[in-house]
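These notes are about the structure you will find just below.
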Amino acid sequence: MALSDDIELLSAVPLLQGLDADQLRLIAFGAEHRHVSAGQALFREKTPADCAYVIARGQFELSLLGRGGKPRIEAVAGVGTMLSELALATMVERKFTAIALEDSDVIRITRALFHRLLEEYPAMAAVVGDRIRDNIAALAFDAGAMTGRFD
């Protein structure tokens, strides 16, 4: 992919929407591309996460280990999806195992790169912080809505 294609893709990622062209260019320039063959794991559940991935081509099956150690498919993520976005802010574990359903490409954004950008662009830090807070609040709301299922 060309740098301009990466910038266009990154501009559509919800966490990064509203960033200006220079900020997106710095992310695209500092990020790394990875190819993942069909059937290959991008990452595994409960492993440390030091980066996020944006799917540039292909699809990934997101699964959790269920009872008896068998994977339970939770979702399929496609182009433009950011996986493990919280890893950009802090050390977390991967919530899922991500397996490529077809030959795929991802853009890897490291926490170090992201923190450097936040330091250089304090206004960007405020926008991203608000988005992360909104995402955590939505997650907490969704979890609260499920409490009746566990009675």
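The values are calculated or read from the model by the stated rules, or taken from the named source; none is laboratory data. Fair warning: this is a prediction, and the values are worked out from it, not measured in the lab. Quick reminder, even Gly has a Cβ in these numbers, built from the backbone with ideal geometry, and neighbours come from all protein chains shown.
The single residue among 38, 56, 28, 52 that is loosely packed, with under 14 Cβ neighbours inside 10 Å, touching an Asp or Glu at 6+ places or on another chain (Cβ under 7 Å) and either assigned to a loop (DSSP other than H, G, I, E, B) or small (Gly, Ala, Ser) (or both) turns out to be 38. Mind checking whether some residue in the range 129-140 is polar (S, T, N, Q) and assigned to a strand (DSSP E or B)? The answer is no, given that none of the residues of the range 129-140 is polar (S, T, N, Q) and assigned to a strand (DSSP E or B). Checking each residue in the range 63-77 for being part of a loop (DSSP other than H, G, I, E, B) and either of a type in the set (D, E, K, R) or closer than 14 Å to residue 14 by Cβ (or both) picks out only 70. For the range 1-16, a residue qualifies if it is part of a loop (DSSP other than H, G, I, E, B) and in contact (Cβ under 8 Å) with a residue 60 or more places away in the chain, and the qualifying residues are 1, 12, 13.
Among the residues of the range 18-42, not one is under 14 Å from the mean Cα position of the chain (by Cα) and more than 14 Å from residue 109 (Cα to Cα). Restricting attention to the range 79-110, the residues being loosely packed, with under 15 Cβ neighbours inside 10 Å and among the charged types (D, E, K, R) number 3.
For the range 65-103, filtering for residues that are at pLDDT 95 or above, out of contact with any Leu (no Cβ under 9 Å at 6 or more places or on another chain) and hydrophobic (A, V, I, L, M, F, W, C) leaves 1. With respect to the conditions (1) touching a residue at least 40 places away in the same chain (Cβ under 8 Å); (2) assigned to a helix (DSSP H, G or I); (3) more than 15 Å from the chain's Cα centre (by Cα), residue 102 falls short on a single one, namely (2).
Answer with yes or no whether residue 84 is small (Gly, Ala, Ser) and on the phi > 0 side of the Ramachandran plot. Here the answer is yes, as residue 84 does meet what is asked.
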